Amino acid sequence: MVIPVKTGIYSNNYLNRFLLTKGMTKKSLLIHQSLYTRFLKDKMKFYILLTAIFIVGMLTGGITQQYWLLKSSPAMLSPLSPEPTVIPKPLLKYSFDNLNQSNFTPKTIDLSQEINSGEKHSGWLFDFETREGRVSGTANISAGCALSSFKSKCPVIIMLRGYVDKEAYMPGIGTKKAAEVFADNGFLTLAPDFLGFGSSDPEPQNEIESRLIKPATVLQLLASISNLPMADTENIFLWGHSNGGQIGLSVLTVSNRIKAASFWAPVSKPFPYSILYYTGDSDDHGKYLRKSISEFESVYDPELFSVTNYLDRIETPLIVHQGTGDEAVPWEWSMDLIKTLQSLNKQAVLYQYPGADHNLTPGWNSVVKTDLKFFNKFISPSRP
């Protein structure tokens with residue numbers, strides 16, 4: 001009698017007969033079948049366990065990978081997750097890297113009104129368009145480049161004043177005296193009022209933007225000089241006093257069109273320390289400004305807006321005048337600035353005036369003569 005086996009190799013009747021012919025009893029065959037069936041069940045359990053471990057491992061690995069991807073890439077969110085909040089950063093356009101990439105298209109400079117006329121020069125009000133609004137300013141034009149003929153072109157000095165309260169501001173304040181000396185000696189000077197001053201359009205309401213915007217204003221003016229027929233666009237110079245010095249330094253990190261520059265007691269410390277240093281002079285002891293800076297730093301990296309991080313980009317030769325009696329800008333600031341520039345192999349010279357104040361008094365006449373000599377040294381021989 002052959003006992004049919006439904007599992008494994010014993011499902012073959014021929015094999016059963018073969019085992020029986022070899023002397024295996026039915027009882028032995030049943031025992032053998034039982035043991036083999038148990039073996040197969042254990043083997044199946046093993047494979048099921050192994051498969052389960054593999055599946056769990058795959059799921060765990062996938063979840064772990066997804067977690068780290070989401071952590072490192074906020075943009076990769078689950079479809080069920082809320083969309084991330086994108087914080088706008090409109091002031092990034094005033095970072096030094098973005099200013100360096102900006103294209104300033106020449107605009108018309110309108111000489112709108114003559115305000116004085118002399119034997120050696122005439123004074124004019126002017127205005128020009130910027131991306132942020134129309135800006136007014138004061139021009140002093142040497143008689144050598146008379147408006148009536150434009151036969152002679154004059155080298156240009158862009159002049160940048162320091163800080164002035166709006167209540168006390170008048171066009172030309174902070175630059176007028178030096179500008180007249182330069183114009184009497186053959187130069188055309190342009191001193192922008194900046195937004196919010198003179199007859200310019202209002203400045204931005206954001207306190208920090210109203211400061212960051214100023215280098216962009218000067219860069220636009222620089223690009224527009226080509227539209228002044230009497231301007232020698234091959235010989236453009238830069239002059240700045242106090243905060244105007246910092247604006248000037250900022251311009252030099254972006255443009256290499258300036259032939260040479262002179263800065264009187266420039267503010268040359270990093271942003272925002274360059275602002276915070278003066279907060280004690282305000283009526284609220286700087287509370288409003290500190291709040292504005294705190295809000296700014298919660299969104300932006302201030303290092304992107306600090307001129308001290310970009311001094312290595314300056315290619316323009318420059319001089320700095322500093323009085324040791326200056327109570328607005330410590331003379332050590334100018335010492336540090338020159339040392340830094342010289343360590344970067346830049347053409348930079350410091351002139352110190354013992355006891356002179358923030359306006360280089362006494363010694364003002366000597367300072368202006370030094371500037372004239374310095375600027376004339378860099379005027380191209382091709383000047384008409």
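The values are calculated or read from the model by the stated rules, or taken from the named source; none is laboratory data. Please read these numbers as outputs of a predicted model, since none were measured by experiment. Glycine gets a Cβ as well: all are built from the backbone with ideal geometry, and neighbour counts include every protein chain shown.
The table below lists the values:
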quantity: Meets criteria (among the small types (G, A, S), in contact with a Phe, Trp or Tyr (Cβ under 9 Å, 6 or more places away or on another chain) and farther than 19 Å from F305 by Cα) for A183; calculated: no
quantity: Tabulated pairs, segment 241-266, first farther than 15 Å from L350 by Cα, second among the aliphatic types (A, V, I, L, M) and in a helix (DSSP H, G or I), C-beta under 6 angstrom, 6+ apart or interchain; calculated: S250/V307; V251/V218; V254/L99
quantity: Identity of the residue in segment 204-229, farther than 28 Å from C154 by Cα and surrounded by fewer than 20 Cβ atoms within 10 Å (Cβ to Cβ), that ends up farthest from the chain's Cα centre (by Cα); calculated: Q205
quantity: Test: residue in segment 312-320 that is modelled with pLDDT of 95 or more, in contact with a Pro (Cβ under 9 Å, 6 or more places away or on another chain) and closer than 26 Å to Y94 by Cβ; calculated: yes
quantity: Count of segment 343-357 residues which are assigned to a loop (DSSP other than H, G, I, E, B), under 13 Å from L311 (Cβ atoms) and in contact (Cβ under 8 Å) with a residue 12 or more places away in the chain; calculated: 3
quantity: Unmet requirement for L111, which otherwise passes all of (1) touching a Phe, Trp or Tyr at 6+ places or on another chain (Cβ under 6 Å); (2) part of a loop (DSSP other than H, G, I, E, B); calculated: (2)
quantity: Among (1) at negative phi; (2) modelled with pLDDT of 95 or more, the one test that D165 misses; calculated: (2)
quantity: Residues being under 17 Å from P155 (Cβ atoms) and of a type in the set (A, V, I, L, M, F, W, C) - total across segment 256-277; calculated: 3
quantity: Residue list for segment 353-384, restricted to those being within 34 Å of the chain's Cα centre (by Cα), surrounded by 14 or more Cβ atoms within 10 Å (Cβ to Cβ) and of a type in the set (S, T, N, Q); calculated: N359, T370, N376
quantity: Among (1) among the small types (G, A, S); (2) under 23 Å from the mean Cα position of the chain (by Cα); (3) more than 22 Å from L372 (Cβ to Cβ) - the single one S136 does not satisfy; calculated: (2)
quantity: Entirely in segment 141-248, the strands (runs of 3 or more DSSP E) that have 3 or more residues that are more than 25 Å from V320 (Cα to Cα); calculated: none
quantity: Top-ranked residue of segment 283-316 - restricted to ones that are outside any helix (DSSP H, G or I) and acidic (D, E), ranked as surrounded by the fewest Cβ atoms within 10 Å (Cβ to Cβ); calculated: D283
quantity: Residue within segment 317-337 that is over 16 Å from S242 (Cα atoms), part of a loop (DSSP other than H, G, I, E, B) and assigned by TED's automatic domain parsing to the domain that holds L188 present; calculated: yes
quantity: Residues located in segment 230-263, provided they are in contact with a strand residue (DSSP E or B) (Cβ under 8 Å, 6 or more places away or on another chain), surrounded by fewer than 23 Cβ atoms within 10 Å (Cβ to Cβ) and among the hydroxyl-bearing types (S, T, Y); calculated: T233
quantity: Segment 262-272, residues that are assigned to a strand (DSSP E or B) and touching a helix residue (DSSP H, G or I) at 6+ places or on another chain (Cβ under 6 Å); calculated: S262, F263
